[in-house]
Amino acid sequence: MVNSNILLGVTGSIAAFKAAEIARRLIDEGFSVQVVMTKAACNFITPLTLESITGKPALTDLFSGPYSHISLSKESRLLLIAPATANTINKLSCGIADDLLSNLWLTKAGPTLIAPAMNHRMYHHPSVQKSIKELQKSGVKFIGPVSGSLACGEEGEGRMSDVATIVEAAISALTQKDLKGQNILVTAGPTIESIDPVRFISNRSSGKMGYAIAKAALRRGAKVTLISGPTSQMPPENVSFVSVEKASEMETAVLRHLPKATAVIMAAAVADFTPAAIDKLKLSKKDISVINLKKTSDILKKVGAEKGKRVVIGFAAETGKNIENAKAKLKEKNLDLIVLNDITQKGAGFNVDTNIVTIIDRKGKITDYPLMKKIEVANVILDTLTGLKT
Ligand code: PMT
């Protein structure tokens with residue numbers, strides 16, 4: 001990532017403790033975070049806490065270094081202020097520069113995101129509302145606040161947005177919207193095929209790969225429909241989410257959403273077979289000697305048959321004869337690309353945060369990628385997709 005520095009401004013609110021989690025998540029996503037605190041923020045969270053997370057001094061003093069109010073701004077791509085108090089918002093709107101954070105706002109080089117946190121009466125005070133409007137006019141984006149119970153015990157609009165929402169907004173603000181106008185259909189997770197009311201056949205898919213693709217595509221400006229089997233993953237915000245259980249339900253959902261899709265990426269581990277009949281009552285031990293199975297329909301093959309102009313991408317989970325099998329699937333299912341993962345490799349495939357993939361295209365071009373986080377793999381797949389389009 002080229003210049004992945006984020007300036008995280010922290011001001012004096014009870015929500016300041018959440019800045020630690022914001023910093024940690026941004027670092028996990030590959031960003032470098034420089035914290036700048038107001039004096040009031042130091043009453044709620046210590047600089048040491050934030051320094052321990054970012055590995056850099058949390059700056060509190062305008063005079064911490066010569067021209068730091070300019071150089072820090074030049075070195076960063078985003079100014080994120082979370083939490084932002086009424087005092088800071090009002091100060092920024094009229095350009096008062098009496099501490100390091102407000103100076104940085106005046107010299108800032110990239111976009112600014114502000115996550116307000118305050119009592120609901122303060123938030124609705126005309127001075128604060130006027131300042132927010134002024135800042136919005138100059139291009140500042142606000143995340144929240146949301147309604148709920150406030151630290152003071154009152155209820156109302158003033159709670160800082162969720163950490164996940166703030167982090168996602170920051171990453172999205174720094175991501176080029178090269179998939180704007182695309183409508184991407186992603187499948188994820190396993191399917192579960194019932195044997196009786198208690199038991200089922202399934203597989204080890206966690207949904208992490210498919211959810212990462214959905215998240216990356218949203219960040220890059222696409223509209224995303226995510227059709228998912230049962231997983232413990234949280235659907236990303238702004239995704240159009242469809243929850244399914246068995247393969248036949250996934251098939252119905254995929255075919256229903258297909259007409260609008262400009263691209264389909266099937267990362268789901270769809271069951272290849274399902275019990276021929278589902279017992280309505282729980283089978284007793286002595287009844288289970290054989291379970292008769294029937295094949296499920298191949299959803300991706302059906303999508304490939306109705307491909308039209310859309311890009312269709314499949315996955316191949318292999319344990320041997322990898323390239324040969326993946327190429328056969330690409331051809332048989334009429335795909336543009338197949339993403340091969342050898343699930344016997346450490347750090348690849350099911351239920352891990354990383355993957356090792358090989359992408360094969362229709363012309364037989366084979367590109368190997370090293371071990372990467374699934375979100376990085378997702379971006380590589382989307383890069384290849386945009387490459388096909390141009
Ligand atoms: O979910 P995670 O824990 O993150 O794990 C990720 C993953 C290993 C599930 C993922 O990277 C992956 O490999 N997904 C595809 C798994 C699979 O079913 O592979 P396959 O080789 O059996 O199927 C080939 C393709 O056909 C896949 O795109 C699959 O979605 C599709 N398929 C398969 C069977 C079927 N009945 N209908 C289908 O559409």
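Only beta bridges with both residues in the chain are counted; by DSSP, about 30 percent of them are antiparallel.
Please tell me the relative contact order of region 16-64 in percent, rounded to the nearest whole number, where contacts are Cα pairs under 8 Å and at least six residues apart. Intermediate values should be presented prior to the final figure.
Working: 49 pairs, mean separation 20.3, N = 49.
Here the relative contact order equals 41 percent.
Computed from backbone phi, the HN-Hα couplings of region 105-114 come to 4, 6, 9, 4, 9, x, x, 10, 10, 10 Hz, rounded to whole numbers (Karplus: 6.51 cos²θ - 1.76 cosθ + 1.60, θ = phi - 60°; Gly and Pro given as x).
Using a 10 Å cut-off on Cβ atoms, rank the peptides 331-344, 79-92 from the highest mean neighbour count down. Mind showing how you got there, number by number?
Values: 331-344: 19.9, 79-92: 24.9.
Output ranking for 331-344, 79-92: 79-92, 331-344.
Sorted from longest to shortest, the spans of the Cα atoms of region 183-389 along the three principal axes equal 56, 37, 31 Å.
Relative contact order, percent, of region 183-389 when contacts are C-alpha pairs under 8 Å separated by at least 6 residues? Spell out each step's value before the answer.
Numbers: 443 pairs, mean separation 41.2, N = 207.
Relative contact order here is 20 percent.
By the Kirkwood approach, averaging reciprocal distances over each pair of separate Cα atoms, region 5-173 gets a hydrodynamic radius of 15.6 Å.
Excluding the sites themselves, what is the longest stretch of the chain that contains no chymotrypsin sites (Phe, Trp or Tyr not before Pro) in a DSSP loop with at most 16 other C-beta atoms within 10 Å?
Numbers: sites that count: PHE63, TYR67, PHE350.
Of all site-free stretches, the longest is 68-349.
Annotation note: GluC sites (Glu not before Pro) in region 209-312 located in DSSP loop regions with a Cβ neighbour count of at most 15 within 10 Å are GLU237, GLU306. Per-residue 3J(HN,Hα) values for region 87-97, derived from phi via the Karplus relation 6.51 cos²θ - 1.76 cosθ + 1.60 with θ = phi - 60°, read 4, 5, 4, 5, 5, 4, 5, 10, x, 6, 10 Hz in sequence order (x marks Gly and Pro). Across the chain, C-alpha contacts under 8 Å between residues 6 or more apart give a mean separation that, scaled by the residue count, equals a relative contact order of 10 percent.
With K and R counted +1 and D and E -1, the other residues having a Cβ less than 12 Å from that of ALA317 yield a net charge of -1. Of the trypsin sites (Lys or Arg not before Pro) in region 268-302, which ones lie in a loop per DSSP and count no more than 10 other C-beta atoms within 10 Å? Of the trypsin sites (Lys or Arg not before Pro), the ones in loops of region 268-302 whose Cβ has at most 10 other Cβ atoms within 10 Å are LYS280.
Only Lys, Arg, Asp and Glu count, each charged at its Cβ (+1, +1, -1, -1), so figure out the dipole size of region 5-173 about its Cα centre, rounded to 20 debye. It would help to have the intermediate numbers written out before the result.
Numbers: 15 positive and 14 negative charges, 77 e Å.
Result for region 5-173 is approximately 360 debye, rounded to the nearest 20.
Is the shape of the chain rounded, prolate or oblate, going by the alpha carbon gyration tensor and its root eigenvalues a ≥ b ≥ c, with a/c under 1.5 for rounded and a/b larger than b/c for prolate? Judged from the Cα gyration tensor, the chain comes out prolate (a/c at least 1.5, a/b above b/c). Available extension along the chain between THR49 and LYS286 is 79.4 nm, counting 0.36 nm per residue and deducting the alpha carbon span. Taking each DSSP H run with n ≥ 4 as -39500 (n - 2.57) and averaging over every residue of the chain yields -9500 deg cm²/dmol at 222 nm.
FYI, it's all coordinate maths here, none of it is from the lab. Since the structure is predicted, the reported quantities are computational estimates derived from the model, not experimental observations. Ideal geometry is used to build each Cβ from the backbone, glycine not excepted, and the neighbour counts take in all protein chains shown.
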